[in-house]
Every structure is written in C-alpha cells, then in structure tokens.
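The values are calculated or read from the model by the stated rules, or taken from the named source; none is laboratory data. Please read all numbers here as calculations on a predicted model, not as lab measurements. Glycine also receives a Cβ, built like all others from the backbone with ideal geometry; neighbour counts cover every protein chain displayed.
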Amino acid sequence: MTTAKENYCDDSSFPSVGPLAAPRSGNLLLRGVRPYGEGEDVDVLVRDGVIAEIAAGIDAPEGAEVLEFDSLVLLPGLVDIHVHLREPGREDTETLATGSAAAAKGGFTAVFTMANTAPVTDDPSIAESVWLKGQALNLCDIHPVGSITKGLKGANLTEFGMMADSQAKVRMFSDDGKCVDNPLIMRRAIEYAKGEDVLLAQHCEDPRLTAEAVAHEGPTAARLGLTGWPRVAEESIVARDAIMARDYGGRMHICHASTEGTVELVKWAKEHDIPLTAEVTPHHLILTDSVLETYDGVYRVNPPLREQRDTLALRQALIDGIIDCVATDHAPHGSEEKCCEFEHAKPGMLGLETSMSIIAEQFVLDGTCDWRWLARVMSERPAEIVKLPGHGRPIAVGEPANLTVVDPNKKWTVHGDDLASKSDNTPYEDMEMAVSVAATVLRGKVTALNGEVAG
Ligand SMILES: [Zn+2]
C-alpha cells in the first residue's frame, strides 16, 4: 500500500516534476463542497498538501484554516497547457507574478508558458529560471515550454534532452507563434522527441499561405478589405504532422485547432491510433469573424476567428473527445499594441481569468455536459497529454490537494482593469459571466479566494 506522501507526485510512469514549492504545512478544511458537482455536500480535509479525508461533517482540527461554502462544485485544479506569460522580455505586458495571479484567479494550478519569450526559452538555464521563479511565487506551477528550434528560427533543433533533464523538467516543446514548417526539421524533431518521451506542440500555419493575413479568409474579410488566412494553411500542416506522427511515432499535439477540417483530420488520426492530440481555445468555440465588423484590434488572434461552421464543429468535437482539451492561448498585449488599426494590432487575447466561466456556461449550465466532463477537458486530459504528475488527479484521499471550487450561481462582469493580468486585452469586456471561481488551492495553499489572489 502506498502512503499519501508516496502517492503525492511520484507516479513512475511520468517524468517527475522539478523541485516543488513546499506544500502548505498544517490543515485546510473545505466545507460544503460537491466533488464534480455530484451527490450531497461533503467536507474535504487537507493535511500537509494532501487530501486526508472526504466526508460529511468533519470536525475542524485545531488551528485548521476553514473555508465555508454552500454546496459549491469541487474540481481538480485546472491545467492550461498553452499560455504566454511574457517573462523574460516583455514584462511590460505580463510577468510570471501577474500571469500566475491570473491563473490562480481563473482556477488554474498548473500552466505551461510558451517559449516565444525574449530571449527564447531554448536552453536549460532560461527554462530553469522560469520554473524556479514560478515555484518561489507559489501561486501556480509554471512549466516552461522549450522551443523546438534555436531562437524559433526553424533551422536548428534545441537540446530537448538537456532541457528535459534540467530542474525545469521540460516535457513539452513548441515554436508556438511560429510553425515548424520545414518538414525535414519537423521529422528530426519528432524522432528526437520520441526518444526523450517529450511532447511536440505545433502551431499549424503554413506561412507561405498566410503572408500579411490578419483575418479568416472568407466573406467577412473580403467585405472588410482584410487579407485572408485560409483554413488550408492550418489543415495542411495538421495533415502532414499527423502522418509524421504515424510514421515516426512521436507524441504530437495540435495547438489551438480552429477549423472544421482540422477536426476531421484529428478524428482520422485518432481512428488510426496515431498519437495525436489537440486543444481548442474558448474564443474559437464562441466567437466568429462576424465580430470583426468593428475593426477592433482586440479580436485579432492567430489563428483567426473563423465561421460558425467551424465553431459548431469544434464544440461538438470537444464534447465527443475528438478535441482533447481546452487551452486558453492567454496572450497579453499592451494597449498600444491592440488599440490601433486592425492590421497593425498584435494577434492574441487574454484567457486565463475567463475560460472556466465560459466553458461552464456554454457546456455545463445548459445540461449538454456535466462537471466531470469539464474536469476532463480542463484538468485531467491536459495533464495526461503532457504527462504531468500531481495535477489533473482524482479528488480522492491520498491525492495532492490541487483543487478548484466553482460557484455555478455567482455572476461577475469582466472588466479588463480588474483582471490580475498586467494587460487588459480581453474580448469579453463588460460581458457578464454566469459562473465564478470561488477558490483555488495549490498543494493545500489557498491561492485565490472569492475573486482575490490570496497572498
Ligand atoms: Zn500559436
């Protein structure tokens, strides 16, 4: 029999994480929660960062921190495998501190921050610095993604093995922001990644088809006089990389799937047992290019917002499990980079603080899916894809207390100025959200409570 401590983060089938910030010592009692939104209210006692007891009416141990809830939903802490926290290099738009505060407020206990920083996260020292700063902040585990090629230049592979063996234990590599479009480089990357058992995540965009493109290629872009980004630029890379994964066997992940055709290709790959997974962003599930009529730069994103047939296909694929998980592609930008002509706006939008609310409202509140499904697509599956131990685990005795408490009845209104993120480029300004994060718990430490970041 394994003890709680042994179970803590030490599943031998996964590469271990780096040195973790110490779990909160002492006891935390969550009263009045329903795991996965099911059954009667229970209390959850956390001891030294590990779930110690789940039962109705637990007596609070002496000195325990007690959080009282009234029949709120308890989920495993959310995991986002695609964010841009901008540090190092663009600390004017986001830092590891503000980004992990935004993550905690959004219900996340682990995030993976992309390598397109300045300098690029292409060697172990940069990856270790990001990881260790995140652990010192202790609001959310910040896992650095390593770049596939040096300097994101698409020519020379980075040292996957050295980064994987570093303190940061880099387990995912991506040139996100850019596509590894050279097929020979991608072949070498996938063979190398297979040997190291790390995940490659591809930003699928054939750049020869998207030169100067700022909006989805279709009737809206044509009417507005915007240069179009065709679906085929994404789908041709998805198809190529699925076949690469078939023939060379590495684990391949599709970033921000945005088209109906990508859904068909991922479905085909899964039917053929190809080790291909895919994510979708909240904005590609709910927004279409019809919002571009305003020419508001906040809606510029890469890949672009597409048409309703795409959003409908993506939504159904997420429900069916063809698309594996939700990832925010949280991309902070300064106001001077967004409040300008649409063509000159930088692509990207915030996502960490609004994503759970959107997914819950769009899929769970209307009964289409249940909270277990939300736990699957926003916690368990992303952790599995990246082989991340300690997160996305069952809510059970002996498991690490990485948890999110959701209030399905508490509305809130999005105001960029109120967000923990250092930037305010949210496409949901002034929108009312129907569901709130009531609390986030990282290894027994409360990191966010009632919309405030806990110290
Ligand atoms: Zn991308």
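Things worth noting here:
- Residue check for HIS253: touching a residue at least 24 places away in the same chain (Cβ under 8 Å), within 16 Å of the ligand (Cβ to nearest atom), out of contact with any His (no Cβ under 8 Å at 6 or more places or on another chain) and of a type outside the set (Lys, Arg): yes
- Pairs with Cβ under 7 Å, 6+ apart, first in the stretch 72-86 and away from the ligand (no atom under 14 Å from the Cβ), second acidic (Asp, Glu): LEU72/ASP407; PRO76/GLU380; LEU85/GLU94; ARG86/GLU94
- Where GLU65 falls short, out of the listed (1) under 21 Å from the mean Cα position of the chain (by Cα); (2) surrounded by 15 or more Cβ atoms within 10 Å (Cβ to Cβ); (3) more than 17 Å from ILE395 (Cβ to Cβ): (1)
- Residue count for the stretch 331-349, restricted to those that are outside any helix (DSSP H, G or I) and out of contact with any Pro (no Cβ under 6 Å at 6 or more places or on another chain): 11
- Filtered residue count, the stretch 200-235, keeping only those that are over 22 Å from LEU314 (Cα atoms) and more than 15 Å from the ligand (Cβ to nearest atom): 10
- Matching entry among GLU336, GLU384 (being of a type in the set (Asp, Glu), under 25 Å from THR277 (Cα atoms) and surrounded by fewer than 22 Cβ atoms within 10 Å (Cβ to Cβ)): GLU384
- Condition met for GLU343 (more than 16 Å from the ligand (Cβ to nearest atom), acidic (Asp, Glu) and surrounded by fewer than 17 Cβ atoms within 10 Å (Cβ to Cβ)): yes
- Residue pairs whose Cβ atoms lie under 6 Å apart, separated by 6 or more positions or on different chains, with the first residue in the stretch 17-42 and farther than 19 Å from GLY392 by Cα and the second among the aromatic types (Phe, Trp, Tyr) and in a strand (DSSP E or B), are GLY32/PHE69.
- Contact map, the stretch 288-306: residues that are outside the structural domain of MET349 (by TED's automatic domain parsing) and over 17 Å from THR227 (Cβ atoms) paired with residues that are within 16 Å of the ligand (Cβ to nearest atom) and not aliphatic (A, V, I, L, M), Cβ distance under 9 Å, separation 6+ or inter-chain. No pairs are found.
- Flag for THR288 being among the polar types (S, T, N, Q), within 16 Å of the ligand (Cβ to nearest atom) and in contact with a helix residue (DSSP H, G or I) (Cβ under 7 Å, 6 or more places away or on another chain): no
- The single residue among THR220, THR227 that is touching a helix residue (DSSP H, G or I) at 6+ places or on another chain (Cβ under 6 Å) and not aliphatic (A, V, I, L, M) turns out to be THR220.
- Test result for SER129, assigned by TED's automatic domain parsing to the domain that holds ALA327, closer than 28 Å to PHE342 by Cα and either within 16 Å of the ligand (Cβ to nearest atom) or polar (S, T, N, Q) (or both): no
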